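Scroll down for the structure; my scribbles are underneath it.
The values are calculated or read from the model by the stated rules, or taken from the named source; none is laboratory data. These numbers were taken from a predicted model, which means no experiment stands behind them. Reconstructed Cβ throughout: ideal geometry from the backbone, glycine too, with neighbour counts over all protein chains shown. Remember, those area values only see protein heavy atoms, side chains included, never the ligands or the DNA or RNA. Shrake-Rupley method; radii C 1.70, N 1.55, O 1.52, S 1.80 Å.
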Amino acid sequence: MSDTPAEDLKYWLALLRCPRIGPVSFSKLLQQFDQLEQVFCSPASRLRECGLEAASIDAIVNPDWQGVDTDLEWLQQQDHHYIVTLRDPGYPQMLRESPAAPPLLFVMGHPKALNETQIAMVGSRNPTADGKQTALDFARHLSAAGLVITSGLAIGIDGICHQGAMDAEGITIAVTGTGLDCIYPARN
C-alpha cells in the first residue's frame with residue numbers, strides 16, 4: 001500500500017484533488033505543515049499566507065472526500081496497487097530532487113522498480129519502420145542488461161520500448177499523466 005498511514009493518506013489525496021495546487025504549491029505546504037491534516041484545520045487567513053488562491057482554499061474547506069474514497073478503493077482493489085507519497089522512503093530519490101516532483105505516485109506493480117537503474121526512452125508517435133525496429137532492439141538489449149525501461153504509454157516509440165523490455169523479460173515502467181480512471185491509449 002503506502003508507508004503513509006491511511007489516516008494521513010486521505011489528506012494527501014484530498015489535497016491532490018484541490019484545484020490550483022500543483023507539485024510546487026504542494027511541496028510548499030509540506031514544508032509549512034508537519035501533517036497535512038493541519039492544512040485542513042487551518043483558517044483561510046493562514047492558507048492565504050501560504051500563497052493559496054480562493055479556489056484552492058474553498059476546496060480545502062470542502063474536500064472531495066468521495067474522490068478520496070475512490071482513490072482508496074483503487075488502492076485496496078489489488079495486491080499490486082500502491083500509493084507512494086513524497087515523504088515515503090520508497091519514493092524515487094532522483095524524482096524527489098526535482099523542484100516539481102509529483103507529491104503522490106499511483107503504482108500498479110512493484111514499487112521497488114521505481115528506485116532501480118532506469119533509462120527513459122521516448123520518441124515519435126509516427127516512427128518509420130527502421131525507427132520502430134531500432135527502438136525495439138535498444139529496449140530489448142538495455143533491458144536484458146538490467147536497466148529498467150521507462151516511458152510513457154503513447155502510441156509509437158513509447159509502446160515499442162515497453163514491448164522490447166517485455167520481450168527481454170525485463171522491467172518496464174509506464175509513466176502516465178491521465179489519472180487512475182483513464183489509461184490512454186487504452187490499447188497500450
Of all accessible heavy-atom area on the chain, the percent that carbon and sulfur account for (1.4 Å): 52 percent
Net charge over other residues, Cβ less than 15 angstrom from the Cβ of residue 148 (K, R count +1; D, E count -1): -2
Cβ charges +1 (Lys, Arg) and -1 (Asp, Glu), total dipole of segment 95-143, debye: 120 debye
Solvent-accessible area per residue, Å², over the chain with all protein chains present [probe radius 1.4 Å]: 58 Å²
Counting DSSP beta bridges with both ends in the chain, the antiparallel % (nearest 5): 45 percent
Within the chain, longest stretch clear of exposed GluC sites (Glu not before Pro) (DSSP loop, no more than 12 other Cβ within 10 Å): 1-96
Charge sum, other residues only, whose C-beta stays under 12 Å from residue 172's C-beta, Lys/Arg counted +1 and Asp/Glu -1: -3
Computed over the chain: relative contact order in percent, which uses C-alpha pairs under 8 Å that are six or more apart: 17 percent
MRE, 222 nm, helices only [DSSP H, n ≥ 4, -39500 (n - 2.57), over the chain, to nearest 500]: -13000 deg cm²/dmol
Shape category assigned to segment 1-101 from the gyration tensor of Cα positions, a/c cut at 1.5: oblate
Environment charge at residue 82 (Cβ cut-off 13 Å; Lys +1, Arg +1, Asp -1, Glu -1): -3
Reported label for calculated percent of Cα pairs over 30 Å apart given (i) 23; (ii) 18; (iii) 29: (iii)
Distance between segment 44-76 and segment 83-151 - C-alpha centres, whole angstrom: 29 Å
